[in-house]
Structures are given as C-alpha cells and as structure tokens.
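Everything on this sheet refers to the single structure shown next.
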Amino acid sequence: TQLLHEELPDVEIMVVSNREPYIHNRTPEGEISLQLPASGLVSALEPVMRTCGGTWIAHGSGSADHDTVDEHDRLRVPPAHPEYTLRRVWLSDEEIDGHYYGFSNEGLWPLCHTAFVRPLFRAEDWEAYRAVNQKFADVVVAEAGREDPIVLVQDYHFALLPRMIRNALPKATIITFWHIPWPNGETFGICPWREEIIDGLLGSTVLGFHTRQHCNNFLDATDRFMESRIDREQGSVILRGRDTLIRPYPISIEWPPAALATQGSIAECRRAVHARLGLADDVRIAVGIERFDYTKGILDRMAAVHDLLTQHPEWKEKIAFVQAAAPTRSKLGAYDKLQSDAVRLADAINAAHGTAGWKPIHLVIRHHDQREVYELFRAADVCVVSSLHDGMNLVAKEFVAARDDEQGVLVLSSFAGASRELSEALIVNPYDTRAMADAFAVALRMPESEQRDRMRLMRDVVRQRNVHRWAAQMLIDAARIRRRETIQALT
Ligand code: G6P
C-alpha cells in the first residue's frame, strides 16, 4: 500500500466488473442477507478494494425496476466496515440475456476456454453486448470525479469498454485484466467480431492476462487481424499512435485469507465434515469445490474416482470424494446438461461401488459460503482441481492457504494457469482418466514428510505472490506510463 501511495499519489480508483462483490438477497422474512458470490474475480479483487478504496461499478444481481439512480444503487461496503463504494448498475432481462448469458457466456466463454463446447455467436447478443458495454462506459464517466481516473476493467464481459472509456476520458489510465484464457489466433478468429474486440481491448493502457502464453496468443490474434505495430520484446502494441502494454500478471488471493481467522483447528474441521456427511472415522476425504461449470472437469474427476476404486479396490469404504458444486448460469443448456449428467454419473458410481453404510461420491449442489469452503479445505486429505482449461484457478491457491498445518495434497490440472506456479502439486492431465486415478492413489499414500515439503514450497509461492502484489504490479506499471505521458504532454 505504501509503495502504491508513493507511485500513485492522489488518484481515483474505479473498478468495473459484471459480478458485484456483495449479492443482496431478501430473506422470506423480508430481511437483507449478503452473499459473497462464487467468483475467482471477486475473491481476488475484494481484498484489493478494501485496501485501496474507490468505486466498484457492477451489475446489481437480482432485479430492480428503475432506471434512475437511488440510494440502493450506491452503497458503502463491506457493510460492517465500509472501505469503498459499490455502484450498482441495473440491466433489463433482455440486456442480461444478450450480454451475460448470450455473448459473454455462450460466445466468449467457450471460445476462450476451448473446452469443446461450441461457441454461439448471435447478432442480437452482440448488439446487447455492445449496448451494455456502452451503458457501463456512461456510468464510469458519470461517476468519475476527475478527468484522469484509474479504471480497472475486469474480464470478458467488457472487451469493448476500454475503448469506449478512452474515447470519453482520453486522460484516463485504463488497466484491463482478462480473467480467463486467451486462445490461439486461429481459434480466436472464429469470432465474427474479432476486430472490434481486439480494438476495444487496445483502448487500455495496460492489458493483463494470467500467463505469458495468453499474452502471446493475444499478440498473435492482433498480428493476424489488426493493422498495428507489435513490439514483442517490450510486450506492447501500438494502434493508431497509442501504446498498450501487454503483460502477464498471475492473479492470487489475499494472505492470509480473511476466512481463515474464524476457522477451528484442523481436527475440529475434520470432525465437523465427518459428522455432517456421516463418514466413519477412518474414511479419508478428497474434495473438489467450484462453480458447476463444464470447464472444471467435474465429470472427468468422478470418472477417475471410479477408476481408482476399480484399479485399487482396497480404497473401498476408505475414501469419500466430496464435490461441492455451486449452480451457475443454469439457464444455459450446456450448464443444465452438466448438472444432470453429473448427478447421473455420481449415482451410477455410487451404485457400482457403494456398500450399505458407505458411498464414494458426495455431490453437494448448492452455494457454500467462505466459512464452509475453508472448513472443507482443512478437513481434506486431497484437493482435486481438474480444470480442462482455466485462466488461473484460485481454488488451488485457497486450498494451499487453508493448510497452515502443511498437510494435504493438491492434485492439479496442467491446463490451469495455477500449475505454472504450484509445481509441487501432483500435476495431471484431466483428459487421462487412468493417470488421474493413479495420482489419487499416490496422493492418498503420500508420507506426511513429503506432503509437508511440497506444501511449504507452495505456501511460500502463494504468500509472496499474493493478490496485493498482483494489483500493485499492474498499478505500478500503469503509474510509470502515466508519468511518461505527463512528461510527453509538457514537452
Ligand atoms: C469466472 C469469471 C468471472 C465470473 C466468475 C463467476 O471466474 O472469470 O468473471 O464472475 O467466473 O461466474 P458468474 O457468471 O457467476 O459471474
């Protein structure tokens, strides 16, 4: 924080994301209850905003039938100790269908994850996407207290926003972070509006991805489809005389995570989870925790549990695989199908291997709050992250952060950005069921001393490269460019 104040004295920080950090739900009794959404983006950015302060502009979850700004649209959060302002923007059902469900989640999400779900591109969705980006650009301009704010634009819902803000506020410093993978140039070329999207993103001062590979893929796409100058050494693109710095900034979590402060001991967490799931004392626990998304490889890891029990029947009645899955985007066919496929597969595996008092798979389909998530992490012998493709994956880092006892084994997909940093995990290819089953067997037998060695190294990485560093690096890069621009304007 101190470094930031030195690099960036007297600035206004604004964040734009689709998902808001606090979902306000009304209970049946009419009270307001708050929920932290299951979103890697929110887990990462919320601690940063608590430290930096400023304004976070996001789509207000739930519906509101007004267009004018009233007191519910500008809130100070977190409610108990307000640190920053949440400005909620309301979208109509048609806007949500076209922008969020349509272009963002049926178009860009499968396009960028290359998880073999066909991206759908409809002209109406694109229109809604553009209109919603413009709506947020107008809110940024209206909320900005000065002509040169620092605006942090988040994710694939807002590819056009950087250019729109740049046009309206030429002196703004725009830092855009793309939280999901960027595919190779040829794959990206499927998108009918590829030029507009790249042009929109190049309105940014700094454009960040999780990995060097995603940066290179973006530069390839730019090279193919845009008339621009690319400096691969510097990692920058010059389009119509303006520079954008393209760099990897691997996202992370806060250290130590706030949710850890209220947790019981490891033994208490184990007892609680065993009791809740009705497990015998000697049953070992493997967990998977995420949104119910087809990119996460949930079916693949269940298939590996089946393979483990077939190849290594000695684990029967000795292991429970707990899959906590938060329903998400259920309105879309691909998500709805995943949920029913997963229920069917879990039932089939439980029928094949289960015994009177034991079943191998516990599929718990609901939102889990932070306290429950960390309790599961602390109760687990093994945590499985088997994404078919993932920008970073913060579950892997949260598991590591949760284990202050330096025990527990992480089984991690080589296709998650996190595998670049957490190389002491057991790295697997989730498409290779047998290899994943073998990794489970290795994890379950790993001696405590080896678990400790691996966990220590991974904990060092997450501690050092925490989310404040992620944010600080982008802000420091942007601050240098900002100073350079000020000097150029004077000469
Ligand atoms: C990913 C995306 C985020 C998104 C989150 C949850 O992490 O990169 O932008 O917020 O998933 O998805 P949802 O659609 O519920 O916001």
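A short reminder: the numbers here are calculations on the coordinates, not readings from a lab. Being a predicted model, the structure only gives us computed values, none of them experimental. Cβ placement follows ideal geometry from the backbone for every residue including glycine, while neighbour counts extend to all protein chains displayed.
So the values come out like this:
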item: Neighbour count of at most 13 Cβ within 10 Å plus DSSP loop: longest GluC sites (Glu not before Pro)-free window in the chain; result: 234-491
item: Ile319 long-range amide H proximity, modeled H, under 5 Å; result: Arg284
item: Rough spin-label spacing in nm, given labels placed 7 Å along Cα→Cβ, for Ala131 and Arg480; result: 4.3
item: Asn167-Asp336 FRET efficiency (beta carbon distance; Förster radius 35 Å; 0.05 resolution); result: 0.35
item: Loop-resident sites, the range 329-390, for trypsin sites (Lys or Arg not before Pro), counting at most 15 other Cβ within 10 Å (DSSP); result: Lys331, Arg366
item: For the range 284-323 versus the range 197-247, the gap between their alpha-carbon centres in whole angstrom; result: 40
item: Farthest positive-ward along the chain dipole, Cα basis, beta-carbon charges - from Pro250, Phe188, His81; result: Pro250
item: Whole-number percent relative contact order across the range 233-356, with pairs defined as alpha carbons under 8 Å at least 6 apart; result: 23
item: Around Asp453: net Lys/Arg minus Asp/Glu count, Cβ-Cβ under 12 Å; result: -1
item: DSSP beta bridge pairing in the chain, given as percent antiparallel to the nearest 5; result: 25
item: Loop trypsin sites (Lys or Arg not before Pro), the range 207-313, which have at most 10 other Cβ atoms in a 10 Å radius of their Cβ (DSSP); result: Arg240
item: Charge dipole (the chain, unit charges on Cβ, about Cα centre) - positive-most of Gln451, Tyr374, Phe116; result: Gln451
item: Relative contact order (%) - criterion: Cα under 8 Å, at least six apart; region: the chain; result: 14
item: Cβ-based net charge around Trp358, under 10 Å, with every Lys or Arg adding one and every Asp or Glu removing one; result: +2
item: Charge-dipole axis of the chain as Lys and Arg at +1 and Asp and Glu at -1 on Cβ define it, positive-most pick from Phe292, Ser386, Trp56; result: Ser386
item: Stretch gain in nm, segment His81-Arg232, where the contour uses 0.36 nm per residue and the Cα spacing is subtracted; result: 49.9 nm
item: Potential lengthening between Glu196 and Ala142 on full extension [0.36 nm per residue; Cα-Cα distance subtracted]; result: 17.0 nm
item: Label point distance in nm, Ala280-Arg344, each placed 7 Å from Cα along Cα→Cβ; result: 3.2
item: Value of [θ]222 nm, deg cm²/dmol, for the chain, DSSP H segments ≥ 4, -39500 (n - 2.57) each, nearest 500; result: -12500 deg cm²/dmol
item: Net dipole in debye of the chain [+1 Lys, Arg Cβ; -1 Asp, Glu Cβ; about Cα centre; nearest 20]; result: 780
item: Net charge, Ala472 excluded, C-beta distance under 14 Å - Lys, Arg +1, Asp, Glu -1; result: 0
item: Packing-based ranking, highest mean first, of 213-220, 116-123 given that Cβ atoms within 10 Å are counted; result: 213-220, 116-123
